[in-house]
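So the structure is just underneath, and the comments pick up after that.
The values are calculated or read from the model by the stated rules, or taken from the named source; none is laboratory data. Worth saying up front: this structure is predicted, and the values here are computed from it rather than measured. Cβ placement follows ideal geometry from the backbone for every residue including glycine, while neighbour counts extend to all protein chains displayed.
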Amino acid sequence: MKPPVPVAVFASGGGTNLQALLDHEPVSGEYRVAMVLSDREGAAALERGLSVGRDAYVIETDARSLTDVGRQMLERLADHDVQVILLAGYLKMIPPAVVAAYERRILNIHPAPLPSFGGKGMYGPRVHEAVLASGVEVTGVTVHYVDEDYDTGSIVAQVSVPVRPRDDVASLAARVLKVEHQLYPAVADHVCRAVAEGVEPSPFDVTHFDFAPVTSHPQTDHSKSIEETERT
Ligand code: GRF
């Protein structure tokens, strides 16, 4: 059996998607979260990683050049032989040197059907506010490759999530987050399996993606979800 692919999870907030990835890790054995990285000292995601014995780092980005930040990130990633980076509510721009070193090896999850409701400034509750204001009956979750801009990389997987007539931002965000927690580990498996085999990942077939029924019940730990992001 092939060893799991070492991955890094970058997160700025609560890290419920990181938790879903950690929980799924032993189920598939396709990846192992080798390190967690944040731009914020107090990010709850760091504690989630540390509590299960993973290395966790803060790389500050304020008042630093992307070149400097990128150099430090690449050192940490090399220390852990990271093959794939999973952004899970990471706030900041990924430095060009990291994007170049991990071309089509960086994924991001976005709580809406990109290219709608994405881009700089579309973060946290704003995404769901925009969805509700638009009057659409269906929103979604997108996993995409990361390039040097916000939410513009090619899409790897996208699933729909219904908007219900009585939804508010909290109920919609909770329903979407529940789907994120199922989709992201499945896509991580898919991409890491291909990386382990040395092939380019094929498009992720969502028709074989068996996600649990979506309900309108809010997540019990939703308070730990991200409060403020620039990249969502
Ligand atoms: C998620 O909604 C994700 O789609 C977005 O940021 C949020 C992170 O939530 N990129 P969490 O920190 O994983 O709870």
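Checked against the criterion of being within 21 Å of Gly14 (Cβ to Cβ), charged (D, E, K, R) and either modelled with pLDDT of 95 or more or touching a helix residue (DSSP H, G or I) at 6+ places or on another chain (Cβ under 7 Å) (or both), the candidates Asp151, Asp147, Asp221 yield just one match: Asp221.
Within the stretch 107-125, residues that are closer than 22 Å to Val84 by Cβ sit with their Cβ atoms under 7 Å from residues that are in a loop (DSSP other than H, G, I, E, B) and among the aliphatic types (A, V, I, L, M), at 6+ positions apart or across chains, in these pairs: Leu107/Val146; Asn108/Val146; Ile109/Ala88; Gly118/Ala112.
Just to be sure, is Leu107 closer than 26 Å to Ser154 by Cα and within 13 Å of the ligand (Cβ to nearest atom)? In short, yes. Looking only at the stretch 152-203, how many residues end up being touching a strand residue (DSSP E or B) at 6+ places or on another chain (Cβ under 8 Å), within 25 Å of Glu30 (Cβ to Cβ) and part of a loop (DSSP other than H, G, I, E, B)? Final tally of qualifying residues: 4. For Tyr90, the conditions (1) within 28 Å of Ala194 (Cβ to Cβ); (2) away from the ligand (no atom under 14 Å from the Cβ); (3) of a type in the set (Ser, Thr, Tyr); (4) not in a strand (DSSP E or B) are fulfilled apart from (2). Inside the stretch 1-16, residues that are in contact with a Leu (Cβ under 8 Å, 6 or more places away or on another chain) and either away from the ligand (no atom under 13 Å from the Cβ) or outside any loop (DSSP other than H, G, I, E, B) (or both) make up a count of 5.
When you check Tyr102 against the structure, is it at pLDDT below 95 and not charged (D, E, K, R), yes or no? When the stated conditions are applied, Tyr102 does not pass them. Within the stretch 37-56, identify whether any single residue is within 16 Å of the ligand (Cβ to nearest atom), part of a loop (DSSP other than H, G, I, E, B) and acidic (Asp, Glu), and answer yes or no. Yes, the stretch 37-56 contains at least one residue that is within 16 Å of the ligand (Cβ to nearest atom), part of a loop (DSSP other than H, G, I, E, B) and acidic (Asp, Glu). When you check Ser134 against the structure, is it touching a Lys or Arg at 6+ places or on another chain (Cβ under 8 Å) and modelled with pLDDT of 95 or more, yes or no? No.
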